[in-house]
1. Using only DSSP helix segments of four residues or longer, with each worth -39500 (n - 2.57), what per-residue ellipticity at 222 nm results for the protein assembly as shown after dividing by its residue count and rounding to 500?
2. Taking K and R as +1 and D and E as -1, what net charge do the other residues with C-beta under 10 Å from the C-beta of A:Leu39 add up to?
3. Restricting the count to DSSP beta bridges whose residues both fall in the stretch B:7-86, what percent are antiparallel, rounded to a multiple of 5?
4. Across every pair of different alpha-carbon atoms, what Kirkwood hydrodynamic radius in Å does the protein assembly as shown reach?
5. Which residue fluctuates the most in chain B, going by a Gaussian network model with Cα springs under 10 Å, if the choices are B:Met55, B:Met127, B:Met178?
6. How big is the stretch B:57-186 by the Kirkwood estimate over distinct Cα pairs, in Å?
7. So if I take the centroid of the Cα atoms in the stretch B:120-174 and the same for the stretch B:186-220, what is the distance between those two points in Å?
8. At q = 0.16 Å⁻¹, what log₁₀ I(q)/I(0) does the stretch B:23-115 have when each alpha carbon counts as one equal point scatterer in the Debye sum?
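Each value in this text was obtained by applying a stated rule to the coordinates, not by laboratory testing. The model shown is predicted, which means the values in this text are computed figures rather than measured ones. Cβ coordinates were reconstructed from backbone atoms using ideal geometry, including for glycine residues, and neighbour counts include every protein chain displayed.
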Amino acid sequence: MAGRQAVKAYLDLLSQPCRAVLIFLKHNKIPHTLELVALRKGQHKTPEFSKLNPMQKVPVLDDNGFVLTESDAILKYLATTYNVPDHWYPKLPEKRARVDEYTAWHHVNTRMHAATVFLQEVIFPNMGQPTNPAKFKKALTDLDGTLDMLENMFLKRKPFLCGDDISLADLLAVCELMQNSFDCLFQPMCSGRDVLKDRPKLLSWRSRVQSALSDSFDEAHSVVYQIRQKFTAKL
Amino acid sequence: MAGRQAVKVYLDLLSQPCRALLIFLKHNKIPHTVELIALRKGQQKTPEFTKLNPMQKVPVLDDNGFVLTESDAILKYLATTYNVPDHWYPKLPEKRARVDEYTAWHHVNTRMHASTVFLQEVIFPMMGQPTNPAKFEKALADLNGTLDMLENMFLKRQPFLCADEISLADLLAVCELMQPLCSGRDILKDRPKLLSWRNRVQSALSDSFDEAHSVVYQIREKFTAKL
């Protein structure tokens, strides 16, 4: 797509869907610029950002004036409009439907429960906000149920969530389920918890996904490292 | 698509996404058979249904052995594989992205809050289960916020949620926003912009809309008769 201008992505690397977008951009060598939006500093609530996205959420994509929110919509749009390998978001309707099925299910399952666990265990304590032990416990149970489903339904007899090859589904899921020591690479706050610890099937899946994305994980990490350097230089 | 066999759908018309699917099938004259699954009777938990869908949820599509769950995935698959008008799920990437954007947002916004209101106000009392007034109040407030977003963001400058024409987004949204009507509650009552939108959607869907929603109207009668 000669002559196409770089897209702009508004991200906070504390946000799992933002990491998915960043990894996808880097892995597929999609020309982009990054604008970092620090959620913990309330930068998503500025008049400027609210004008861009009234939902006051990240990630946001700005493709030369075409502004798009929602990570799965963004990933599907990028997969469609750039020349990425078909397996990310297959054109064949039955294969594509499997990815759409997972990305729909993801919202109130993987994302919801993993995010609640993370908020209750890491974010709220670190920000001096009150936690809710009952809510935390329920989220852990719900997350357990979700992981059962991932193992027994999506991964049943295949190496990746939607087929024999990695897709957007695996990318979105893995960003929610990284071991927290890995999370530590992206943010200073983390716990020791690895929710996949006692689940060999899911551990293998996660390794497969990480291998498939290795370089881009490193690149995304280097972005964070650079930010940290700038940040600590200011102190 | 000559020679293509009818699809089979497993539905409970009390379920908003199931209604969206039925309306889409009827409106686009897609050959289908319906198998009713009564959630209130626990029919989604039978060994038979669980084998079909381990998630134990509706709707489920069975296209001649290809079994698919999740209403937005099902609708997008049908829109793609049948010869439906482009506006339902446009092929142009920028237009399609708008529908994908709404259907993503829908899950933890429109669907989540409208469902919670419905569960707390209609289902739990009907089934003799305890309700949670605080949760109900919060859901009403959250739903209000969602309706603000629908008006001010999605419907800002266009007649339908994602474009000048109706799409899958409007279909999914309208079915959720009809649900609280079961208790006689019209959440769009004081919102002229959303009322106009709903009318437009109903007009575009005519007969199939009212047919699918007959169960909602019936429950409303029973519910309001008790008061």
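1. Values: 19 runs with 229 residues, N = 462.
After summing the helix terms and dividing by residue count, I get -15500 deg cm²/dmol.
2. +3
3. 60 percent
4. Averaging 1/r across every pair of different Cα atoms and inverting gives 23.3 Å.
5. So, out of B:Met55, B:Met127, B:Met178, the one fluctuating most is B:Met127.
6. Every distinct Cα pair counted, the radius reaches 16.1 Å.
7. A separation of 13 Å, based on Cα centres.
8. -0.82
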